[in-house]
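Throughout, read-outs are computed from the coordinates displayed, never taken from laboratory work. Source: prediction; values computed, not measured. Cβ coordinates were reconstructed from backbone atoms using ideal geometry, including for glycine residues, and neighbour counts include every protein chain displayed.
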There are 4 protein chains.
Amino acid sequence: METTNGALNRKLKMALIGGGQGSFIGRVHATAAILDNRAELVAGALSSNPEKAKASAPAYDIKPDRAYGSVEELVEKERALPEGERVDFVSIATPNHTHYPIAKTCLEAGFNVICDKPMTFDLEEAEQLAKLVEQSEPVFALSHNYTGYPLVRQAREMIASGMLGEIQAVRANYIQGWLRTRLEDDEVKQAAWRTDPTKSGAAGAFGDIATHAYNLGRFMTGLLPSQIACNLKTFVDGRKLDDYGHAVIRYQNGALGTVTASQISHGRENDLSIEIDGTKGALQWRQENPNEMIVRKNGEPHAIYTRDPNAPFMMETAAASCRLPSGHPEAFFEAFANVYRAAYDAMIARATGEAFERTDTLYPNVYDGVEGMKFISQSVASNRENGSWVDFAYEKARR
Amino acid sequence: METTNGALNRKLKMALIGGGQGSFIGRVHATAAILDNRAELVAGALSSNPEKAKASAPAYDIKPDRAYGSVEELVEKERALPEGERVDFVSIATPNHTHYPIAKTCLEAGFNVICDKPMTFDLEEAEQLAKLVEQSEPVFALSHNYTGYPLVRQAREMIASGMLGEIQAVRANYIQGWLRTRLEDDEVKQAAWRTDPTKSGAAGAFGDIATHAYNLGRFMTGLLPSQIACNLKTFVDGRKLDDYGHAVIRYQNGALGTVTASQISHGRENDLSIEIDGTKGALQWRQENPNEMIVRKNGEPHAIYTRDPNAPFMMETAAASCRLPSGHPEAFFEAFANVYRAAYDAMIARATGEAFERTDTLYPNVYDGVEGMKFISQSVASNRENGSWVDFAYEKARR
Amino acid sequence: METTNGALNRKLKMALIGGGQGSFIGRVHATAAILDNRAELVAGALSSNPEKAKASAPAYDIKPDRAYGSVEELVEKERALPEGERVDFVSIATPNHTHYPIAKTCLEAGFNVICDKPMTFDLEEAEQLAKLVEQSEPVFALSHNYTGYPLVRQAREMIASGMLGEIQAVRANYIQGWLRTRLEDDEVKQAAWRTDPTKSGAAGAFGDIATHAYNLGRFMTGLLPSQIACNLKTFVDGRKLDDYGHAVIRYQNGALGTVTASQISHGRENDLSIEIDGTKGALQWRQENPNEMIVRKNGEPHAIYTRDPNAPFMMETAAASCRLPSGHPEAFFEAFANVYRAAYDAMIARATGEAFERTDTLYPNVYDGVEGMKFISQSVASNRENGSWVDFAYEKARR
Amino acid sequence: METTNGALNRKLKMALIGGGQGSFIGRVHATAAILDNRAELVAGALSSNPEKAKASAPAYDIKPDRAYGSVEELVEKERALPEGERVDFVSIATPNHTHYPIAKTCLEAGFNVICDKPMTFDLEEAEQLAKLVEQSEPVFALSHNYTGYPLVRQAREMIASGMLGEIQAVRANYIQGWLRTRLEDDEVKQAAWRTDPTKSGAAGAFGDIATHAYNLGRFMTGLLPSQIACNLKTFVDGRKLDDYGHAVIRYQNGALGTVTASQISHGRENDLSIEIDGTKGALQWRQENPNEMIVRKNGEPHAIYTRDPNAPFMMETAAASCRLPSGHPEAFFEAFANVYRAAYDAMIARATGEAFERTDTLYPNVYDGVEGMKFISQSVASNRENGSWVDFAYEKARR
């Protein structure tokens, strides 16, 4: 198992945007990025507040001179450094409304970008970003981290190989309970921006987590969407965005999908789950128990596929996404790191002048991001029209 | 634990309508009815084919002289017998389109009736039947058997007592795979009538199993429905009725419900499950593992309620619905028998001249049946109108 | 599916010994016996206290004239009745120390017997009973009810067919918590006699439940025992018999078995479980979730065998032991009834003059009972000798 | 959450001994060590074969000049480097028989040591190592990695706080299947040395995995051992060491423990599990699903404790051992890294001249290692004496 960076012959250098005190996902990016020892975190603009940005640096072992007070400063100063010393990529772990301007600045400066989802504040920004990425050289990856789980990739490969036949139904749920109360009033930073339409965008739970659930089905099945009908609810009094919602999706092949997202279900933690029905078989996977997937065929015992890199039933990408033998559980960080790993391969190809895939990538890409933003905008549009069907086709969608 | 029939001082006498060779549910009725030794099966009209009806009698230990060739014959001959010898009740285990005429005949003849669901062929019949029951003396119970599970009743009592707060979301699913292929072409009797719109009614999977899922949520929560939006699919080529479908329900209190039913999901057996979210707690139950229910509250360990008649946490009706101590699993037959048990109590009250509840009954009643038929008819209506919202209020619904 | 009694052409008539107020297992026998409508409970000696015996009869719908005050009275009066009217079999559901005299009396009077386990008070009685059964005509069955679960029989058939290869290890556990406190002081009848060495025999938990665990392994594997080493503990102060214990078994083929039994494990209900390792495969089953069994082979996905009478993978006896299609859970009563069903087949053969198997029976027989008593006596003997190995060979053991 | 190294103000520098091609655990050490970005791997003696040692270095991003051909060379060259540049600690990930000489060399040279378990080749070496550690300044930690799981630490704290009352029974199992066939003949490096008594020591499965199971119970309960009785088996033909075994442990307080280890159970992956019974409560945990622990008390719903750093029920050390919120699963690497994290705290204290605990450490220490070796040697001794009880007291054992 080769874990160094091949022809690049050095570690990639990372800058983290966001991730200051009270952040959750910044630390996740930092941990996932170095898991395989292929990168090191050397710079950051850890907060939009310059003082807080600098104060947060020691916790990441970022040296004071590379703890920048703003993205602009980061880009300017890093560009001035020689290649090999300056950062190779930035990871954007900030509230949604800032993704687009930051990504734009970084891409235009030539830095590779790994960006949190949802990709942008609205669909328009997303489409602009896609154009920008198409015209740019850098790698752009989106942290739909759940696609990094080995068994999620196994599902994708099994479906692509036809093992489940034609896919007819997708049921994805993402059930949480942490916003059952108005945490946004308790100075919980993550709750505050997520429930604020000026920062989160047009949707709450639907933007934050339903996008993951929808994306998971898309990643596994490759089914192209056609229409969506959606009903959103805000169950906690005084909240401005949805904290519960449900969408039905018509795929172009006639399949029917459903997506349910909740942030108000008592005691539910991070329960992303999916069931997929095909004409030849069906599967079921659940993020909270990610090392198992159940595959069923009528007349046969149910098959529990475990994450086993050495098993004959594991397909190529899935096996290559494992770091440990079966029974030694892998989890959230490793899946997140698998998205990074795929992006690194592309970054190294770029750096060493090799060709690399830009559309049908293993890592979620800018088109997944546009599709995700369309999922949000059309869900909100349908909800506004009393849950009626609205267009959800996207011609550049991943297959 | 008193299991005899109290003041009646004898076993109840049962006639079975339907249940001939190839039937599944007839045998279930016969087994459940006698589980507590409070009734005995003495007569039957086991098939609409008189010869087959008589040929099927030995398997039920029904004596030849009470193995009737038709419902009419059964009613006529049994009425002629003295009380105590003639049957006290009939169980209707026939295809849907025959429920109404049979029930009508039996009720008008004064016999108590336990009827399979869905209650009738269409909503109009259901409403007529409700009127008839209101004007009649006999007991009428509907075999929504899943309401008989002790932990389902526990859920109902916990919610009624306010332990989960106000209910905001209900997610019910009923996933099967047995109609993945066209069993209806293979002379599988149960598949044949269920997929035939002249026998099953306006819906396939939605009539057969989605009704159970919807009813389960209604039984547990007591929430009154307001509107429904539904999308139905027929995935198996050449089939005339839906084998997959999905509905969204708006309840009158603002809660949102979803019901998904599938008969085409490979390897799925009889997977009825439900999740309910309230402002104070949430619960989850699954029919295939019926002796456990998970109750969650933010900040507390998840609580697994097991079916334990001796535990302080078990509520009254739930505890009284158990026959075995915890860890000695109970299952499908016992739940079915619990519906019978509740109906028996009413029958005995009637027979001994005591007052008994006719509306808010422990057993599913005729109003549950009307609501179920409205669920079907409005689901089909919404589907016909491209999944738009249609009225689903029913003023006599169970609370 | 034929459920009547074939050539006998009538239901079998049952008498229940024991089962008076406060009893648990008497009601289980009564329910299991009639589950298939092949028998009816018509007589009883429900308590060793004649008044209580008569007072308990109405709850079983036993008529006053057949509610006897003693076993002797029951035998005498029933023998006087004509065949077809008198009881065909007695079920013994009394404390252990009374099993032998009751069984002896009934067998000598020509009645078939279904007896609770452990079979007798001590090994000597067991051996005498075996001799008696060998010299008698009646059927004698032992209610090792867990052998009645369809998937337990499936395991037995799979192993017998060689699907798991040679068996090398058996790990059986039976973990309960109900005797964590001294219920025997609280007038809980079942706790009182089970913890009283004059009624229960030489062992407490080991006699009551470890016997089931050991028997389960023996039934599934057919491995013959050779030696046993055992350590018993009494963790609850003042209790006279073991409430926790552990045994290691050497089988004649070189396999190693372990049996752990506890009645003092907080919150554990009736957790009988088993794991079996063979050279070609391994399996795992758990009584509290009896409709699933996991079968594993290196390099393959784990296989969940569900109780599915229609599945190609279900073997003959296992499929014939099912009453419901898959996903419609069966449980404790049905398994218990399967032991009855197998015994009924033998009783009917006897009654109609047909040959029937008396040694290698589907129901647990008198030799299983002797082996169980030897398991208890040798466990206690080993424990007395500081857990050293003692002889545990039994030449008549089931294969 | 402070993740830098406080007063040390730089990352710790690590050398890896072992971990060359074909190794499993070397990569685990390397990954776990850097997970929190508190250390960096800068040097190694990756194989006992100098050429292979150097060839393996690029995969770890170790520079050629610090890829040493032997431990001696590593120690000599690193000692010559200035503090802050030379390695702070070595991680020993080699076969068992080399642990002692390597640890001795490194400790005597002043390097902190993190050593794989079992700690040494035999008990005598272990006792010598303990003396050496007592007389040395460096930190010595043992990678009993399963103690690093947050819920394992939660169990320890709950038990220490008395929540389960007095502990009476411990049942630990470690079931694998990977040595079902003679992998040692297939040039699988890990299988080869583990089954070779000249490298692995006196025991096979019992040294490799039963030690983990025993240690887990000791870590959670603090119970001191008194005696052990053990039976070992070698089920795979031609193998020299045990591949299956079972031990019973008498603890000094009267509690009874059992440990079962298997490497020949088809399809079992890395199934370390434990059940603990106390007078006030009982718990159950399983390594393959490490984010859940079940706690039971009679009369209460079973409680599923999930790994939730923010929940009121989480105790101090357990909460501090989490890196992600609940529902975002953590797994094997994080647990391993938690052992490193605790050792780092001690290393930094040493480096900055602060006092630190050397006996009752959060990380497994040299005394745990001696106890583990005594577990192995006395298991083998008991097995040699036909499974009779032998002494297993160890006065320096962790409480």
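Summary table
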{"quantity": "Linear extension gain, C:Met163 paired with C:Ala55, 0.36 nm per residue minus alpha-carbon span", "calculated": "33.6 nm"}
{"quantity": "Most mobile of D:Glu83, D:Glu134, D:Glu330 in a GNM of chain D (Cα contacts under 10 Å)", "calculated": "D:Glu83"}
{"quantity": "Dipole moment magnitude, nearest 20 debye, the stretch C:239-346 about Cα centre, only Lys, Arg, Asp, Glu C-beta charged", "calculated": "240"}
{"quantity": "Above-threshold pairs, the threshold being 19 Å between Cα atoms, out of B:Lys13/C:Lys54; B:Lys117/B:Lys189; A:Lys11/D:Lys13; C:Lys280/D:Lys189; C:Lys63/C:Lys104", "calculated": "B:Lys13/C:Lys54; C:Lys280/D:Lys189; C:Lys63/C:Lys104"}
{"quantity": "Projected area, mean over directions - the protein assembly as shown, Cα convex hull, nm²", "calculated": "53.6"}
{"quantity": "Centroid-to-centroid separation of the stretch D:334-379 and the stretch C:299-322 [C-alpha atoms, Å]", "calculated": "49"}
{"quantity": "Ranked by how many other beta carbons lie within 10 Å on average, peptides A:152-160, C:336-344, B:350-358 from highest", "calculated": "C:336-344, A:152-160, B:350-358"}
{"quantity": "Whole-angstrom gap from the stretch B:174-236 to the stretch C:22-59, using each part's C-alpha centre", "calculated": "41"}
{"quantity": "Position C:Asp360, label points 7 Å along Cα→Cβ, spacing to each other copy in nm (shortest first, one decimal)", "calculated": "5.9, 6.2, 6.3"}
{"quantity": "C:Met119, D:Met163, D:Met347 arranged by Cβ crowding within 10 Å, fewest neighbours leading", "calculated": "D:Met163, D:Met347, C:Met119"}
{"quantity": "Copies compared at A:Glu73 - label distances in nm, ascending, label defined 7 Å from Cα in the Cβ direction", "calculated": "4.7, 9.7, 9.9"}
{"quantity": "Chain B, relative contact order in percent, only Cα pairs under 8 angstrom and at least six apart counted", "calculated": "19"}
{"quantity": "Whole-angstrom gap from the stretch D:74-112 to the stretch D:145-163, using each part's C-alpha centre", "calculated": "31"}
{"quantity": "Cut-off 14 Å between beta-carbons: net charge of the residues surrounding B:His144, Lys and Arg +1, Asp and Glu -1", "calculated": "+1"}
{"quantity": "Top positive-direction residue, dipole computed over the stretch B:84-181 with Cβ charges, set B:Ile92, B:Ala155, B:Gly177", "calculated": "B:Gly177"}
{"quantity": "Highest-fluctuation residue, A:Phe313, A:Phe140, A:Phe89 considered, GNM on chain A with Cα pairs under 10 Å", "calculated": "A:Phe313"}
{"quantity": "Residue-wise HN-Hα coupling along the stretch B:38-47, computed from phi with Karplus coefficients 6.51, -1.76, 1.60 (Hz; x: Gly, Pro)", "calculated": "9, 9, 9, 7, 10, 8, x, 10, 7, 7"}
{"quantity": "Net charge dipole size for the stretch B:295-358 [Lys, Arg +1 and Asp, Glu -1 on Cβ; Debye, nearest 20]", "calculated": "140"}
{"quantity": "Estimated vicinal HN-Hα couplings, Hz - the stretch A:18-29 in sequence order (Karplus 6.51, -1.76, 1.60; Gly, Pro = x)", "calculated": "x, x, x, 2, x, 7, 9, 7, x, 4, 4, 4"}
{"quantity": "Minimum Cβ-to-axis distance in chain B for the rotation onto chain A, with residue, whole Å", "calculated": "B:Ser388, 3"}
{"quantity": "Antiparallel %, DSSP beta bridges [both residues in the protein assembly as shown], to 5", "calculated": "60"}
{"quantity": "Long-range amide H partners of C:Leu224 with built H, under 5 Å", "calculated": "C:Gln252, C:Asn253"}
{"quantity": "DSSP beta bridge pairing in the stretch B:147-291, given as percent antiparallel to the nearest 5", "calculated": "80"}
{"quantity": "Mean separation of Cα contacts under 8 Å (6+ apart) over length of the stretch C:309-364, as relative contact order %", "calculated": "25"}
{"quantity": "Nm distances between copies for D:Glu385, ranked from closest, using label points 7 Å along Cα→Cβ", "calculated": "1.6, 8.4, 8.5"}
{"quantity": "Selected from B:Leu241, B:Phe392, B:Ile264, residue furthest toward positive end of dipole (chain B; charges at beta carbon)", "calculated": "B:Ile264"}
